[in-house]
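**Student:** First the structure, which I've put down as structure tokens, then a few questions once you've had a look.
The values are calculated or read from the model by the stated rules, or taken from the named source; none is laboratory data. No experiment lies behind these values; they were computed from the predicted model shown. Here the Cβ positions follow ideal geometry from the backbone for every residue, glycine too, while neighbour counts run over all protein chains shown.
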Amino acid sequence: MPKSAFVAIVGRPSSGKSTLLNALCGAKVAIVSPIPQTTRNSIRGIVTRPEGQLVFVDTPGYHLSDRKFNKKLQELVVQALSEVDIVLYLVDATRDPGPEEEALLTLLKEHSNHLIIAINKIDDADSKPLIMEEFLASRLKEARRIKISALKQQNLDQLLSLLFELAEEGPLWYPEDIYTDQEPVFRIAEIVREKAMLHTRQELPHAIAVEYRESSRKPDGSLLARYDIIVERDSQKAIVIGKKGSVIQSIREEAEAELAELFDYPVKLSLQVVVDPDWRKDDKRLASMIF
Ligand SMILES: Nc1nc2c(ncn2[C@@H]2O[C@H](COP(=O)(O)OP(=O)(O)OP(=O)(O)O)[C@@H](O)[C@H]2O)c(=O)[nH]1
Ligand SMILES: [Mg+2]
């Protein structure tokens, strides 16, 4: 009998959760950026090995804030924790443990019998994995710990072995060749958002959302897809568009180039920038965006 388990990847913003998910799955499943709170959904990535199957659930970075938008993201983390068999707590060894780590430790206490802690970014010259390890040993004694680099793919096989040790016998939930269950429409929106965030990282990455409008198949098999890039102010709209449209053109070209690698049909994008000052407070919009 193979083993199988659902595994939530949790940790504070920018600890490298999505980088790890992609490295484990061997494909770009979730978008990645140096900007905290890049991930805004529970994103599934699937790893199938001779031992069985692990279904990873990447979650938004756990960030303490009372804003409606951040609260929704926090709820996703709590929900993911309640739905999985194993929790993989990813810690950033380049940063000192702070209030977010404390809050996560409180959340994770009741999961300590099915918890693995991965101390990430050990490749970074600024990392202090031993300090982090001492801190965690004093708080969550029971949990197994491992030092990894998601970026340089160090110790990932050992991490998978630890996870399979905790997993129980069970069915394979997905076909062996599937590495994510995300709809193409969502993946395209995420790639567009990643490129838009990277192009505007000094000014407004958090103010950006991307919403699907419509799509159609062309006779040559390509997909023509229309998306809105939502920002909060007119000044931000000008930044996303850029001089003579140069920024939005780069966003579109970079997204199309990456999509060409992800899908076996060409995706042509039509992007429009829309201003909505309140999108981060709008229940309906958040409900359609955060899931
Ligand atoms: N040096 C180093 N950098 C890493 C490593 N893993 C991730 N990073 C970097 O950390 C930044 C954040 O990575 P993400 O994977 O987006 O982090 P995240 O935890 O998913 O962030 P949120 O979705 O915002 O919570 C990026 O710049 C990554 O390149 C690592 O092992 N070593
Ligand atoms: Mg992420």
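**Student:** Any residue in region 19-28 that is assigned to a strand (DSSP E or B), in contact with a helix residue (DSSP H, G or I) (Cβ under 8 Å, 6 or more places away or on another chain), in the same structural domain as Ile146 (by TED's automatic domain parsing) and within 14 Å of ligand 2 (Cβ to nearest atom)?
**Tutor:** No, that holds for no residue.
**Student:** Regarding region 58-67, can at least one residue be identified that is touching a residue at least 40 places away in the same chain (Cβ under 8 Å), away from ligand 1 (no atom under 15 Å from the Cβ), small (Gly, Ala, Ser) and touching a helix residue (DSSP H, G or I) at 6+ places or on another chain (Cβ under 9 Å)?
**Tutor:** No, because not a single residue in region 58-67 is touching a residue at least 40 places away in the same chain (Cβ under 8 Å), away from ligand 1 (no atom under 15 Å from the Cβ), small (Gly, Ala, Ser) and touching a helix residue (DSSP H, G or I) at 6+ places or on another chain (Cβ under 9 Å).
**Student:** While we're looking at this one, here's another question. Can you confirm whether region 40-55 contains a residue that is touching a strand residue (DSSP E or B) at 6+ places or on another chain (Cβ under 7 Å), within 16 Å of ligand 2 (Cβ to nearest atom) and of a type in the set (Lys, Arg)? Spell out how you get there, then give the answer.
**Tutor:** Start the filter on region 40-55 by keeping residues that are touching a strand residue (DSSP E or B) at 6+ places or on another chain (Cβ under 7 Å), which leaves 42-47, 51-55.
Subset that is within 16 Å of ligand 2 (Cβ to nearest atom): 42-45.
Remaining after also requiring of a type in the set (Lys, Arg): 44.
Yes, region 40-55 has at least one match.
**Student:** Just wondering, is there one or more residues in region 47-57 that are buried (at least 20 other Cβ atoms within 10 Å of the Cβ), out of contact with any Ser or Thr (no Cβ under 9 Å at 6 or more places or on another chain) and in a loop (DSSP other than H, G, I, E, B)?
**Tutor:** So far as region 47-57 goes, no, none of its residues is buried (at least 20 other Cβ atoms within 10 Å of the Cβ), out of contact with any Ser or Thr (no Cβ under 9 Å at 6 or more places or on another chain) and in a loop (DSSP other than H, G, I, E, B).
**Student:** Every residue in region 238-261 that is loosely packed, with under 15 Cβ neighbours inside 10 Å and not charged (D, E, K, R), please.
**Tutor:** Selection gives Ala238, Gly245, Ser246, Gln249, Ala257, Ala260.
**Student:** Could you tell me which residue of region 149-159 is nearest to ligand 2 (Cβ to nearest atom), considering only residues that are part of a loop (DSSP other than H, G, I, E, B) and under 18 Å from the mean Cα position of the chain (by Cα)?
**Tutor:** The qualifying residue nearest to ligand 2 (Cβ to nearest atom) is Ala150.
**Student:** Taking region 123-137 as the region of interest, how many residues are assigned to a loop (DSSP other than H, G, I, E, B) and surrounded by 19 or more Cβ atoms within 10 Å (Cβ to Cβ)? Spell out the reasoning first.
**Tutor:** Start the filter on region 123-137 by keeping residues that are assigned to a loop (DSSP other than H, G, I, E, B), which leaves 123-128.
Going one step further and asking which of them are surrounded by 19 or more Cβ atoms within 10 Å (Cβ to Cβ), we end up with 127.
Total meeting the criteria: 1.
**Student:** Related question: Which residue out of Lys72, Lys109 is surrounded by 15 or more Cβ atoms within 10 Å (Cβ to Cβ), more than 13 Å from ligand 1 (Cβ to nearest atom) and assigned to a helix (DSSP H, G or I)?
**Tutor:** Answer to the selection: Lys72.
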